[in-house]
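Trainee: Pasting a structure below so you can have a look.
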Amino acid sequence: MKKCLCSLAALLLMTLTISAQEVKFEEYDLSNGMHVILHQDNTAPVVTTSVMYHVGAKDENPERTGFAHFFEHLLFEGTKNIPKGEWFTIVSSNGGSNNANTTDDRTYYYEVFPSNNVELGLWMESERLLHPVINQDGVDTQNEVVKEEKRLRVDNSPYGKFLEMIKVNMFKKHPYKGTTIGKMAHLDAATLEEFQAFNKKFYVPNNAVLVVAGDIDVAAVKVMIENYFGPIPRGEDIVRDFPKEDPITEPMRAKAYDSNIQIPAVMAAYRTPSFKDRDAYVLSMVSTYLSDGKTSKLYKKMVDDKKMALQVGALDFSQEDYGTYILYALPLGDVSLDDLVAEMDEEIVKLQNELISERDYQKIQNKFENNFVSSNSSFEGIANSLARYYMLYGDVNLINNEIEIYRSITREEIKAVANKYLNADQRLILEYLPESDKE
């Protein structure tokens, strides 16, 4: 039976590997500095057009936080040629869908259309870049939208502020100490001229990558791109010089309170390197080993076997400049937060002193193979990957070979990285408590 299961696992792994076919692409620059990436695949009559801007929460004035996320909303308000409120109507009436999202590092917009509407997607994104209407009416409208989003996702959401509380304690100098959604008082205080200046600085072709992926005629799309994006003026070069964080050399403890919870939580957070660093890939595997699924080490031990925790896990919150590795647990019954930390630490110490089993190692590899295939299973996913690997990693071909990094990571490397980063004197312990516990 064991031999049969091993053969089945090998067959599944081979199938995944075969399915992960090479993503072919072409990339070039327009004269205004905009980078263009094209991926042609005529197997389905669909095309994704996307633009990623290298601007996120870390690029903001610390007295005007929330601007990047605010612009994610504001740049749907309308343009010189798209009336206010008509963006989504135009997309849906032409059989398309669209969305946008913001992180501390970048902002991403995309449309998915039937391939006969590829030109519409290009025109709309060029309009967003060349002719945005940034007026007081639009600012006031979106200010209310963002406030409602913050109330829904952060202020009134159980455990909604845990990441905010971790970041403000983990980062003392780097702008990662803030949040992506920012402070509403900063948005209220901002002038229209400040919003316009932010747009002029960051939403420029030389700070963006345009991706068109799907059922396209490459030659025809190149002409459209030149017509719509070529005339847009280059912006000023953007210089980034963020302060470096001092190493964490002694344990930190903090408390945070949340009026939306009744059950406390505890987090152990460690500062880690940029997601471009090989060690970040290893930490991602450590996270999978510890907490991905009900058979993972922490879940099986603390939830199933010892029944100490309602929930437990590990989050590898990796970013362009630094990462934050977070272990968390919610107690069951009268279990103390310190006991939860001790149990999580026990698994970390095992990682630091013993090699994980060959079986666990292969299980992790299989999961990353599956994730790799899934992430590029649609034109929408491919477009996102192409933009992200270019802008944040500086290597578009990671869309094809990033899996080789994971395959090359050894059990010995997992042990070494756990020893390098996951130490008790290099972390924050955050007690996340109900507001009623506040003295």
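Trainee: Give ALA213, ALA256 a once-over and let me know the one that is in contact with an Asp or Glu (Cβ under 9 Å, 6 or more places away or on another chain), assigned to a strand (DSSP E or B) and farther than 20 Å from GLU119 by Cα.
Mentor: Selected residue: ALA256, the only one of ALA213, ALA256 that is in contact with an Asp or Glu (Cβ under 9 Å, 6 or more places away or on another chain), assigned to a strand (DSSP E or B) and farther than 20 Å from GLU119 by Cα.
Trainee: Still on this model: Could we say that VAL118 is in contact with a Phe, Trp or Tyr (Cβ under 8 Å, 6 or more places away or on another chain), farther than 30 Å from VAL239 by Cβ and open to solvent by 10 Å² or more (accessible area, probe 1.4 Å) here?
Mentor: Details: in contact with a Phe, Trp or Tyr (Cβ under 8 Å, 6 or more places away or on another chain): no; farther than 30 Å from VAL239 by Cβ: yes; open to solvent by 10 Å² or more (accessible area, probe 1.4 Å): yes.
Against the criterion (in contact with a Phe, Trp or Tyr (Cβ under 8 Å, 6 or more places away or on another chain), farther than 30 Å from VAL239 by Cβ and open to solvent by 10 Å² or more (accessible area, probe 1.4 Å)), VAL118 does not qualify.
Trainee: Determine which member of the set ALA220, ALA254 is farther than 15 Å from LEU30 by Cβ, free of Cβ contacts under 8 Å to residues at least 12 places away in the same chain and surrounded by fewer than 18 Cβ atoms within 10 Å (Cβ to Cβ). Steps first, please.
Mentor: Numbers: ALA254 fails: free of Cβ contacts under 8 Å to residues at least 12 places away in the same chain.
So the residue among ALA220, ALA254 that is farther than 15 Å from LEU30 by Cβ, free of Cβ contacts under 8 Å to residues at least 12 places away in the same chain and surrounded by fewer than 18 Cβ atoms within 10 Å (Cβ to Cβ) is ALA220.
Trainee: Sticking with this structure for a sec: Does ALA208 satisfy the condition of being at pLDDT 95 or above and in contact with a strand residue (DSSP E or B) (Cβ under 9 Å, 6 or more places away or on another chain)?
Mentor: yes
Trainee: For segment 60-85, give me each residue that is free of Cβ contacts under 8 Å to residues at least 24 places away in the same chain and either aliphatic (A, V, I, L, M) or open to solvent by less than 60 Å² (accessible area, probe 1.4 Å) (or both).
Mentor: Of everything in segment 60-85, just one residue is free of Cβ contacts under 8 Å to residues at least 24 places away in the same chain and either aliphatic (A, V, I, L, M) or open to solvent by less than 60 Å² (accessible area, probe 1.4 Å) (or both), namely GLY85.
Trainee: To continue, here is another question. Identify, by number, the condition in (1) modelled with pLDDT of 95 or more; (2) over 17 Å from the mean Cα position of the chain (by Cα); (3) aliphatic (A, V, I, L, M) that VAL373 doesn't meet.
Mentor: (1)
Trainee: Can you spot a residue in segment 261-279 that is among the small types (Gly, Ala, Ser), part of a loop (DSSP other than H, G, I, E, B) and either surrounded by 14 or more Cβ atoms within 10 Å (Cβ to Cβ) or in contact with a His (Cβ under 6 Å, 6 or more places away or on another chain) (or both)?
Mentor: Looking through segment 261-279, at least one residue is among the small types (Gly, Ala, Ser), part of a loop (DSSP other than H, G, I, E, B) and either surrounded by 14 or more Cβ atoms within 10 Å (Cβ to Cβ) or in contact with a His (Cβ under 6 Å, 6 or more places away or on another chain) (or both).
Trainee: Taking segment 306-337, which residues are more than 19 Å from VAL349 (Cα to Cα) and either free of Cβ contacts under 8 Å to residues at least 12 places away in the same chain or assigned to a helix (DSSP H, G or I) (or both)?
Mentor: Once the filter is applied, which keeps residues that are more than 19 Å from VAL349 (Cα to Cα) and either free of Cβ contacts under 8 Å to residues at least 12 places away in the same chain or assigned to a helix (DSSP H, G or I) (or both), segment 306-337 yields GLY333, ASP334, SER336.
Trainee: Continuing with the same structure: Specify the residue that is most open to solvent (accessible area, probe 1.4 Å); the eligible residues are those in segment 188-203 that are within 14 Å of ASN135 (Cβ to Cβ) and of a type outside the set (A, V, I, L, M, F, W, C).
Mentor: GLU193
Trainee: Now for a different question. Would you check if there is a residue in segment 361-371 being buried (at least 20 other Cβ atoms within 10 Å of the Cβ), of a type in the set (Asp, Glu) and in contact (Cβ under 8 Å) with a residue 40 or more places away in the chain?
Mentor: Yes, segment 361-371 contains a residue that is buried (at least 20 other Cβ atoms within 10 Å of the Cβ), of a type in the set (Asp, Glu) and in contact (Cβ under 8 Å) with a residue 40 or more places away in the chain.
Trainee: A further question on this structure: Does any residue of segment 284-297 turn out to be in contact with a strand residue (DSSP E or B) (Cβ under 9 Å, 6 or more places away or on another chain) and not in a helix (DSSP H, G or I)?
Mentor: yes
Trainee: Continuing with the same structure: Mind listing whichever residues of segment 377-391 are buried (at least 20 other Cβ atoms within 10 Å of the Cβ) and either assigned to a loop (DSSP other than H, G, I, E, B) or of a type in the set (A, V, I, L, M, F, W, C) (or both)?
Mentor: PHE379, ILE382, ALA383, LEU386, ALA387, MET391
Trainee: Read through the list (1) open to solvent by less than 50 Å² (accessible area, probe 1.4 Å); (2) at pLDDT 95 or above, then give the number of the only condition that SER318 fails.
Mentor: For SER318, the exception is condition (2).
Trainee: Let me ask you something else. Tell me, please, whether a residue that is on the phi > 0 side of the Ramachandran plot and either open to solvent by 30 Å² or more (accessible area, probe 1.4 Å) or in a helix (DSSP H, G or I) (or both) can be found in segment 86-97.
Mentor: Yes, segment 86-97 contains at least one residue that is on the phi > 0 side of the Ramachandran plot and either open to solvent by 30 Å² or more (accessible area, probe 1.4 Å) or in a helix (DSSP H, G or I) (or both).
Trainee: On to the next question. Residues in segment 280-294 that are open to solvent by 40 Å² or more (accessible area, probe 1.4 Å) and in contact (Cβ under 8 Å) with a residue 60 or more places away in the chain: how many?
Mentor: Taking segment 280-294 as the starting set, the residues that turn out to be open to solvent by 40 Å² or more (accessible area, probe 1.4 Å) are 292, 294.
Filter again for in contact (Cβ under 8 Å) with a residue 60 or more places away in the chain, leaving 292.
Number of matching residues: 1.
Trainee: Checking VAL168 against (1) touching a Lys or Arg at 6+ places or on another chain (Cβ under 7 Å); (2) in contact (Cβ under 8 Å) with a residue 40 or more places away in the chain; (3) not in a loop (DSSP other than H, G, I, E, B), only one condition comes out false. Which one?
Mentor: (2)
Trainee: With respect to ASN227, is the statement that it is free of Cβ contacts under 8 Å to residues at least 12 places away in the same chain and either small (Gly, Ala, Ser) or under 19 Å from MET34 (Cβ atoms) (or both) true?
Mentor: Judged against the criteria, ASN227 is a match.
Trainee: Consider only pairs whose beta carbons are under 6 Å apart and that are at least six residues apart or on different chains; among these, list those whose first residue lies in segment 415-439 and is surrounded by 19 or more Cβ atoms within 10 Å (Cβ to Cβ) and whose second residue is among the charged types (D, E, K, R).
Mentor: VAL417/ASP279; ILE429/ARG253
The values are calculated or read from the model by the stated rules, or taken from the named source; none is laboratory data. All figures in this text were calculated on a predicted structure; none of them were measured in a lab. Backbone-built Cβ (ideal geometry, glycine too); neighbour counts: all protein chains shown. In case anyone asks, the SASA skips ligands and DNA or RNA and just uses the protein heavy atoms, side chains included. Shrake-Rupley method; radii C 1.70, N 1.55, O 1.52, S 1.80 Å.
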